[in-house]
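The values are calculated or read from the model by the stated rules, or taken from the named source; none is laboratory data. The shown structure was predicted, so the numbers you read here are calculated from the model rather than taken from an experiment. All Cβ positions, glycine included, derive from the backbone under ideal geometry; neighbour counts span all protein chains shown.
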Amino acid sequence: MLRTIGFPGRYLQGPNAIEQLPVLLSEFAVQSPVIVMDDIVQAAAGELILTPMRRAGINAKVLRFPGECSARAIADMSKAIDPTIDNVIIGFGGGKTIDAAKGVSKAHGLRLIIAPTIASNDSPTSRLIVLYDANHRVAAVDILTRNPDVVLVDSNIIAKAPVRFFAAGMGDALSKKFEATQCHLAGGNNFFGTPSLSTARLLAEKCYETILEFGIAALDRIQSMGRPDESVERVIEATVLLSGLGFESGGLSISHALTRGFTAHPRMSQMLHGELVAFGSIVQLIAEDRSTPEIVAHARFCHQAQLPVTLAQLGAANATAADLLVMGTLTMAAPYIGNIYPAADADRLADCIRRADTIGQRLLSAS
């Protein structure tokens, strides 16, 4: 049986890693890079990426990302590219900016460098492009023909970002162990269209173990110092690299499928991806019929990691039974919803969401 695993061409991580960009561009014989970033990132950190290139005599074109990664936004940005001159796309920002940069790269078949400014999800390493509609709901997923050529993670930049983003990255990563396992047990395929290699599942396991060991200390370090240490570096490696490899080559399950249902709620659609996935991971453990102590222990860690454990924390305090059923119904449309045992249906998912919310409420009342 054919099994596939994929990796970015190169992964670099550490303090001031962004200063290595001119060397990388020279190595890739790049003369005219295009940087995709939004207004907020350009104002806050734009000079961190532009200054090293200016010193090296490299003039970069800046392409403004409007804020939502939609098919329309990618098409509009792609019109500004001249593939006879521009020869690499650099995504500098958060997950949606990164995915938009992937889309522009795909439109012209150009090389791709990803430099995340936050570690809120694992999009930097993967080929996936998550597309949203005008109402901020997940509309589709497109796929690159290859993983990014370079992923360049400056831990100084990551550590200076609001801690909420760092916590969300842990929320996105915590689910991968459970999702890759369920995908394997259900005979599902990963995002290369094949069953997973054991290596991918081992990476997902290591991701979970790393966050459990270093996550709380890393959050404390960022909140108190705003600078990376070994705990921060280990968690960044888990949330960006291990999580990305684990999901793309290991496969997904309910935790991510639920984002289809959650983002249909007007308030929940405003939450960070990793916050939704963190709550989804609690729902998944319930759907797997895991023991109550195991579910509560996982939910308690999510709470300690500053992640939402109730619908109220996700902006859906008044969600009705009908609302939960809508979430369950939309979740059933996700392509990896079959990667779960016992099998899910909309009614069962709605009940699992309700039960997860109850567990979260009890945790909050006891803390």
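How about region 123-154: which of its residues are among the polar types (S, T, N, Q) and either outside any loop (DSSP other than H, G, I, E, B) or surrounded by fewer than 18 Cβ atoms within 10 Å (Cβ to Cβ) (or both)? Break it down stepwise before answering.
Going through region 123-154, the residues among the polar types (S, T, N, Q) turn out to be 123, 125-126, 135, 145, 147.
Passing the criteria: 123, 125, 135, 145.
Pairs linking a residue in region 193-214 that is in contact (Cβ under 8 Å) with a residue 12 or more places away in the chain to a residue that is of a type in the set (Val, Ile, Thr) and buried (at least 22 other Cβ atoms within 10 Å of the Cβ), with Cβ atoms under 7 Å and 6 or more positions apart or on different chains, are 210/235; 211/235; 214/235.
The numbered conditions (1) within 27 Å of residue 162 (Cα to Cα); (2) at pLDDT below 95; (3) surrounded by 18 or more Cβ atoms within 10 Å (Cβ to Cβ); (4) not hydrophobic (A, V, I, L, M, F, W, C) are all true for residue 270 except (3). Number of residues in region 82-113 that are surrounded by 24 or more Cβ atoms within 10 Å (Cβ to Cβ) and more than 25 Å from residue 157 (Cα to Cα) equals 0.
Taking region 172-207 as the range and being closer than 30 Å to residue 18 by Cβ, out of contact with any Phe, Trp or Tyr (no Cβ under 8 Å at 6 or more places or on another chain) and crowded, with 21+ Cβ neighbours inside 10 Å as the test, the residues that pass are 172, 175, 200, 203, 207. Taken as a whole, region 66-79 holds no residue that is among the β-branched types (Val, Ile, Thr) and over 16 Å from residue 130 (Cβ atoms).
So which residues in region 304-320 are not in a helix (DSSP H, G or I) and not hydroxyl-bearing (Ser, Thr, Tyr), if there are any at all?
Residues of region 304-320 that are not in a helix (DSSP H, G or I), as a first pass: 305-311, 315-320.
Of everything in region 304-320, those that are not in a helix (DSSP H, G or I) and not hydroxyl-bearing (Ser, Thr, Tyr) turn out to be 305, 306, 307, 308, 309, 311, 315, 316, 317, 318, 319.
Taken over region 100-122, the criterion of being at pLDDT below 95 and either over 26 Å from residue 250 (Cβ atoms) or not in a loop (DSSP other than H, G, I, E, B) (or both) is satisfied by no residue. Among the residues of region 64-79, the one identified as loosely packed, with under 13 Cβ neighbours inside 10 Å and of a type in the set (A, V, I, L, M, F, W, C) is 75.
Of the residues 35, 18, only one is of a type in the set (Val, Ile, Thr) and within 22 Å of residue 109 (Cα to Cα); which? Can you show your working first?
Values: 18 fails: within 22 Å of residue 109 (Cα to Cα).
After applying the criteria, what remains is 35.
Scanning region 348-361 for residues that are basic (Lys, Arg) and without any contact (Cβ under 8 Å) to a residue 40 or more places away in the chain yields a total of 1. For region 344-367, a tally of residues being part of a loop (DSSP other than H, G, I, E, B) and either at pLDDT below 95 or crowded, with 17+ Cβ neighbours inside 10 Å (or both) returns 2.
Going through region 245-272 one residue at a time, which ones are within 22 Å of residue 205 (Cβ to Cβ), in a helix (DSSP H, G or I) and not small (Gly, Ala, Ser)? Once the filter is applied, which keeps residues that are within 22 Å of residue 205 (Cβ to Cβ), in a helix (DSSP H, G or I) and not small (Gly, Ala, Ser), region 245-272 yields 245, 247, 248, 254, 256, 258. For a quick check of your reading of the model, give me the residue pairs whose first member lies in region 22-39 and is within 15 Å of residue 101 (Cβ to Cβ) and assigned by TED's automatic domain parsing to the domain that holds residue 54, whose second is among the basic types (Lys, Arg) and not in a loop (DSSP other than H, G, I, E, B), with beta-carbon atoms closer than 8 Å and at least 6 apart or on different chains. Short answer, once both residue conditions are applied: 30/111; 33/61; 34/61; 35/61; 37/64; 38/64.
Would you confirm whether any residue within region 180-190 is aliphatic (A, V, I, L, M) and closer than 25 Å to residue 146 by Cβ?
Kept after step one, since they are aliphatic (A, V, I, L, M), are these residues of region 180-190: 180, 185-186.
Remaining after also requiring closer than 25 Å to residue 146 by Cβ: 180.
Among the residues of region 180-190, at least one is aliphatic (A, V, I, L, M) and closer than 25 Å to residue 146 by Cβ, which makes the answer yes.
In the set (1) buried (at least 21 other Cβ atoms within 10 Å of the Cβ); (2) under 24 Å from residue 47 (Cβ atoms); (3) out of contact with any Leu (no Cβ under 7 Å at 6 or more places or on another chain); (4) not acidic (Asp, Glu), residue 157 fails one condition alone, (3). Within region 208-217, the set of residues being among the charged types (D, E, K, R) and crowded, with 21+ Cβ neighbours inside 10 Å is empty. Among the conditions (1) farther than 25 Å from residue 119 by Cβ; (2) modelled with pLDDT of 95 or more, residue 46 misses just one, which is (1). For first residues located in region 281-303 and not assigned by TED's automatic domain parsing to the domain that holds residue 256 and assigned to a helix (DSSP H, G or I), partners that are of a type in the set (Asp, Glu) and buried (at least 23 other Cβ atoms within 10 Å of the Cβ) and lie 6+ apart or on another chain with Cβ distances below 6 Å do not occur. Among the residues of region 218-239, is there at least one that is acidic (Asp, Glu), touching a helix residue (DSSP H, G or I) at 6+ places or on another chain (Cβ under 8 Å) and surrounded by 24 or more Cβ atoms within 10 Å (Cβ to Cβ)? Among the residues of region 218-239, not one is acidic (Asp, Glu), touching a helix residue (DSSP H, G or I) at 6+ places or on another chain (Cβ under 8 Å) and surrounded by 24 or more Cβ atoms within 10 Å (Cβ to Cβ), which makes the answer no.
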